[in-house]
Amino acid sequence: MGYYSEVALVFTAKGAETMRSMIDEQQPGMALRTRNFLEEAMYAVDSESLAEFFHWDSIK
């Protein structure tokens, strides 16, 4: 039993590019875990600004 949170991250197009560059610079195992975590999110891109939205419904 524990507390769960709803989590959302929103990145500008430039911020998303920076985030991906930083992930690529991580050690391989950590980079893989980070990519897997992002893939578990509900994901959307704003067609106008190209901002990227990541949402997890239940994070412990």
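The values are calculated or read from the model by the stated rules, or taken from the named source; none is laboratory data. In this text, all values refer to a predicted model and were calculated from it rather than measured experimentally. Glycine gets a Cβ as well: all are built from the backbone with ideal geometry, and neighbour counts include every protein chain shown. Remember, those area values only see protein heavy atoms, side chains included, never the ligands or the DNA or RNA. Shrake-Rupley method; radii C 1.70, N 1.55, O 1.52, S 1.80 Å.
With every protein chain left in place, what is the accessible area per residue of the chain in square angstrom, probe 1.4 Å?
81
Considering only protein heavy atoms and a 1.4 Å probe, what is the carbon-and-sulfur percentage of the accessible area of the chain?
Carbon with sulfur: 57 percent of the solvent-accessible area.
Once the chain is represented by equal point scatterers at the alpha-carbon sites, with solvent omitted, what log10 I(q)/I(0) does the Debye formula produce at q = 0.22 Å⁻¹?
Normalising to I(0) and taking log10 leaves -0.95.
Counting only the heavy atoms of the protein chains, how much of residue 30 is accessible to a 1.4 Å probe, in Å² to the nearest 10?
That residue has around 90 Å² of solvent-accessible surface.
Can you give the charge dipole size of the range 1-49 about its Cα centre, rounded to the nearest 20 debye, using +1 on the beta carbon of Lys and Arg and -1 on the beta carbon of Asp and Glu?
Charge dipole, the range 1-49, about its Cα centre: 160 debye, nearest 20.
With the crude spin-label approximation of a point 7 Å out along Cα→Cβ, what separation in nm comes out for residue 46 versus residue 60?
Those two pseudo-labels are separated by 3.4 nm.
Rounded to the nearest 10 Å², what accessible area does residue 34 have for a 1.4 Å probe in the complete protein model?
The accessible area of residue 34 comes to roughly 30 Å².
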